[in-house]
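The numbers here are math on the coordinates, done by the rules we state, and not lab data. For clarity, every value in this text was computed on a predicted model and none was experimentally measured. Cβ coordinates were reconstructed from backbone atoms using ideal geometry, including for glycine residues, and neighbour counts include every protein chain displayed.
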Amino acid sequence: MPNKVAITGMGIISSIGNNVEENFHALIHGATGISKTDYLKTIHKDTLKFGEIKLSNQELESKLGLPTNHRFPRTSLLGAYAAAQAVESAGIKIINEVPTGLISSTSVGGMDKTEEYFYEYFENEAIRRFILSHDAGETSHQIAEYLGIKGFVTTISTACSSAANAIMMGARLIKAGKLERVIVGGADALSIFTINGFNSLMILTDDVNTPFDDNRKGLNLGEAAAYIVLESESQVKNNNKKVLAYLSGYGNANDAFHQTASSENGEGATLAMKKAFEVSGLELTDIDYINAHGTATPNNDLSEGRAIQNVFGKNVPVFSSTKPFTGHTLAAAASVEAVYSILALKHDMVFPNKNFKTPMKEFDLIPQTSLLEKPVHHVLSNSFGFGGNCSTLIFSKSL
């Protein structure tokens with residue numbers, strides 16, 4: 001693992017918990033966050049299930065201590081909440097004492113406010129401030145402002161691989177000596193726009209999602225935010241910092257196959273995994289657990305399964321998708337699963353692929369369906385998005 005990048009903090013809020021400890025408790029006790037929505041005014045309220053965080057915007061505002069005239073959409077509220085946890089977890093007292101950046105990712109951005117107030121902007125001047133919060137980049141700047149970061153801030157939006165690419169970019173900036181510390185991850189809130197969009201593609205299920213099951217019907221949309229703190233080795237050594245894990249490998253590729261589908265043979269996913277191994281210097285046999293993208297859509301699970309076989313052949317490591325717990329959290333998915341990968345390393349556990357019953361006809365891959373305790377030194381985590389965006393991260397245990 002040449003020139004590895006240390007992970008010194010992490011924070012998360014998802015439908016199964018408002019912090020790292022609550023998420024871990026849910027993972028080991030099989031408590032999912034898939035339910036009907038309590039907050040969204042959607043015509044699908046009684047027919048679809050979601051990974052919804054059971055905190056209102058008002059409750060999040062209160063927890064963050066925001067003024068009443070703020071213009072944070074829900075994505076920013078969730079992002080600031082999780083990113084602040086990550087900073088605290090890393091023991092950071094003075095955020096700008098060394099060159100520090102924020103790379104955040106989102107797909108939804110401020111759409112929840114845009115769709116709520118769209119027809120009121122002309123008549124109600126008080127809510128026009130939310131117009132400025134619509135675009136994806138503004139959510140990153142709001143999170144950075146909340147944390148007090150004065151350095152490098154940017155946004156990545158590559159669909160469901162977004163947070164993986166944010167993590168990858170942060171690592172590259174550290175390795176290049178541009179920054180000593182980067183807070184990386186993603187946030188996405190549920191919105192009517194995304195629900196209707198995914199429903200039009202006919203890839204939402206009216207039940208719970210069942211990754212890698214032959215009878216899978218589609219995904220449950222979820223919302224979440226998760227961030228990890230990346231730091232250089234010199235920063236860790238100079239400050240005697242505790243390391244949670246290392247980001248040892250990463251790779252991304254694009255199969256250029258279809259706007260909303262991956263190639264059936266998983267070319268892009270295969271290449272992303274191979275690139276991650278090249279960066280890490282690890283062997284295939286070093287991987288103890290694959291946290292699969294596993295969206296439970298017919299296309300993804302077939303494509304990803306074949307890609308895993310392309311890379312690992314007949315010696316596929318233990319694998320599972322954790323999306324039956326949280327739903328598919330879009331741009332936040334890779335950072336949510338980064339936190340889960342770090343928890344797997346820390347506790348020597350593989351989290352279950354819930355709801356699996358029937359193996360797929362196309363191959364003999366069977367995910368881990370119950371909580372498994374075993375030595376876990378290296379975790380490979382996949383995240384694949386619309387537009388052919390395929391990304392893979394490898395996390396390694398801190399010794």
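Each Lys or Arg adds one and each Asp or Glu takes one away; over the other residues whose Cβ falls under 10 Å from the Cβ of P359, this sums to -2. Rg over Rh for region 243-342 works out to 0.94, both radii taken from alpha-carbon positions and Rh defined as the Kirkwood radius. Using a Gaussian network model of the chain in which every pair of alpha carbons under 10 angstrom is joined by a spring, one finds that among D214, D288, D364 the greatest mean-square fluctuation is at D364. Rounded to the nearest 20 debye, the dipole size of region 85-142 about its Cα centre is 260 debye, using +1 on the Cβ of Lys and Arg and -1 on the Cβ of Asp and Glu.
Look at where the Cα atoms of region 110-145 and of region 240-271 average out, and the two centres are 32 Å apart.
When the Gaussian network model of the chain links Cα atoms closer than 10 Å, the mean-square fluctuations of I228, I342, I94 top out at I94. Give me the net charge of G170's neighbourhood, meaning all other residues with Cβ under 14 Å from the Cβ of G170; Lys, Arg count +1, Asp, Glu -1. Computed value for this residue: +3. Taking L244, L330, L55 as the candidate residues, the one with maximal mean-square fluctuation in a Gaussian network model of the chain, Cα springs under 10 Å, is L55. Shape annotation for region 152-237: C-alpha extents along the principal axes are 50, 28, 17 Å, from largest to smallest. Taken about its Cα centre, region 204-255 carries a charge dipole of about 440 debye when Lys and Arg each add +1 at the Cβ and Asp and Glu each add -1 at the Cβ.
A rounded overall shape is assigned to region 268-399, the ratio a/c of its alpha-carbon gyration tensor axes (a ≥ b ≥ c) being less than 1.5.
Pairs of lysines in region 1-135 whose Cα atoms sit within less than 14 Å of one another amount to 6, provided the residues are eight or more positions apart or on different chains.
Under the rule of -39500 (n - 2.57) per DSSP H run of 4 or more residues, summed and divided by the residues of the chain, what mean residue ellipticity at 222 nm is obtained, to the nearest 500 deg cm²/dmol? Can you show the working numbers first?
Values: 12 runs with 131 residues, N = 399.
Result for the chain: -10000 deg cm²/dmol, rounded to the nearest 500.
Fully extending the segment from Y119 to L132 would add 3.1 nm, taking 0.36 nm per residue of separation and subtracting the current Cα-Cα distance. Taking a ≥ b ≥ c as the square roots of the eigenvalues of the Cα gyration tensor of region 19-170, is the shape rounded (a/c under 1.5), prolate (a/b larger than b/c) or oblate? Oblate is the answer for region 19-170, as a/c is 1.5 or above yet b/c matches or exceeds a/b. Electrostatic bookkeeping for G33 treats Lys and Arg as +1 and Asp and Glu as -1; over the other residues with beta carbon under 11 Å from its beta carbon, the sum is 0. Applying the Kirkwood pairwise sum to the alpha-carbon positions of the chain produces a hydrodynamic radius of 20.6 angstrom.
With r defined as the distance between the Cβ atoms of S200 and A256 and R0 fixed at 30 Å, what FRET efficiency is calculated, to the nearest 0.05?
E between S200 and A256, to the nearest 0.05, is 0.85.
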